[in-house]
1. Restricting the search to region 32-59, which residues are in a helix (DSSP H, G or I) and open to solvent by 40 Å² or more (accessible area, probe 1.4 Å)?
2. Considering G121, G102, which residue is modelled with pLDDT of 95 or more and at positive phi?
3. Is one or more of the residues making up region 87-97 in contact (Cβ under 8 Å) with a residue 40 or more places away in the chain, surrounded by 19 or more Cβ atoms within 10 Å (Cβ to Cβ), in contact with a helix residue (DSSP H, G or I) (Cβ under 9 Å, 6 or more places away or on another chain) and assigned to a strand (DSSP E or B)?
4. Conditions: (1) closer than 18 Å to F86 by Cα; (2) free of Cβ contacts under 8 Å to residues at least 40 places away in the same chain; (3) assigned to a helix (DSSP H, G or I). N123 meets all but one. Number of the miss?
5. Considering K55, K50, K96, which residue is within 17 Å of D170 (Cα to Cα) and of a type in the set (K, R)?
6. Please work out which one of (1) in contact with a Pro (Cβ under 9 Å, 6 or more places away or on another chain); (2) of a type in the set (D, E, K, R); (3) within 22 Å of S178 (Cβ to Cβ) is the condition R63 fails and give its number.
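The values are calculated or read from the model by the stated rules, or taken from the named source; none is laboratory data. These numbers were taken from a predicted model, which means no experiment stands behind them. Cβ atoms come from the backbone with ideal geometry, glycine included; neighbour counts cover every protein chain shown. Just so you know, the surface numbers come from the protein's heavy atoms only, side chains and all, with ligands and any DNA or RNA stripped out. Shrake-Rupley method; radii C 1.70, N 1.55, O 1.52, S 1.80 Å.
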Amino acid sequence: MSVLRFSSALAIALLVGCFLYFHSPGPSLVRTGPVKPDKDRHQAPDFALKDVNGKTVRLSDYRGKVVLLDFWATWCGPCQIEIPWFVDLERRNKDKGFAVLGVSMDDDGWESVKPFLSQLGVNYRVVIGNGETAQLYGGVDALPTTFLIDRGGKIAAVHVGLADRRDFEDGVEQLLQSPAPAAASRVALPAFALRSE
């Protein structure tokens, strides 16, 4: 009986602690700008992967646009929360020089991804990634991992795990207000041809 009381007390303490942590004012609510200064940005690695129609998609195809590059999977709960945000960002900003590009990391490829995209009404391009793709971007150890890429093809922000929707919106807005560097559209990077299934 005492073990049961102890377990109940511990469970209550954990619930109260979690509630206080997530609902108390303090540092957890402080918002910081998600976009790095230009001098701290590095070139986003190029890749060549297939979309749902079998067409090769290269990140360099998007040079001159602000890109939200999202590594995700159908089984990832936080990804399912963020994807509708990205659908909305694409809808509102596609005519302003912005694009979302999803990289699905599902092992079974289009078999699970196609119905998932249809169910969520995804309105942006999606490709199937793999371990090689993830390694180009530092390993992508957690999903979702999302990169905001500026018009010059440089990584301006990285979000690992579920991020605040406003961080994405603010970052995209900030990058859309910055013009592309003049030389950026003329620089051609080698594409890494990656096998996708």
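1. Here is the first cut: in region 32-59, the ones in a helix (DSSP H, G or I) are 38-40, 59.
Residues satisfying the conditions are D38, K39, D40.
2. On the way: G102 fails: at positive phi.
Being modelled with pLDDT of 95 or more and at positive phi holds for just one of G121, G102, which is G121.
3. Our first condition is that a residue be in contact (Cβ under 8 Å) with a residue 40 or more places away in the chain; within region 87-97, this holds for 89, 93, 96-97.
From what is left, the residues that are surrounded by 19 or more Cβ atoms within 10 Å (Cβ to Cβ) are 89, 93.
Now drop any that are not in contact with a helix residue (DSSP H, G or I) (Cβ under 9 Å, 6 or more places away or on another chain), which leaves 89, 93.
Right, trim to assigned to a strand (DSSP E or B) and you get none.
Within region 87-97, not a single residue is in contact (Cβ under 8 Å) with a residue 40 or more places away in the chain, surrounded by 19 or more Cβ atoms within 10 Å (Cβ to Cβ), in contact with a helix residue (DSSP H, G or I) (Cβ under 9 Å, 6 or more places away or on another chain) and assigned to a strand (DSSP E or B).
4. (3)
5. Values: K55 fails: within 17 Å of D170 (Cα to Cα); K50 fails: within 17 Å of D170 (Cα to Cα).
Of the residues listed, the single one that is within 17 Å of D170 (Cα to Cα) and of a type in the set (K, R) is K96.
6. So the condition that R63 fails would be (1).
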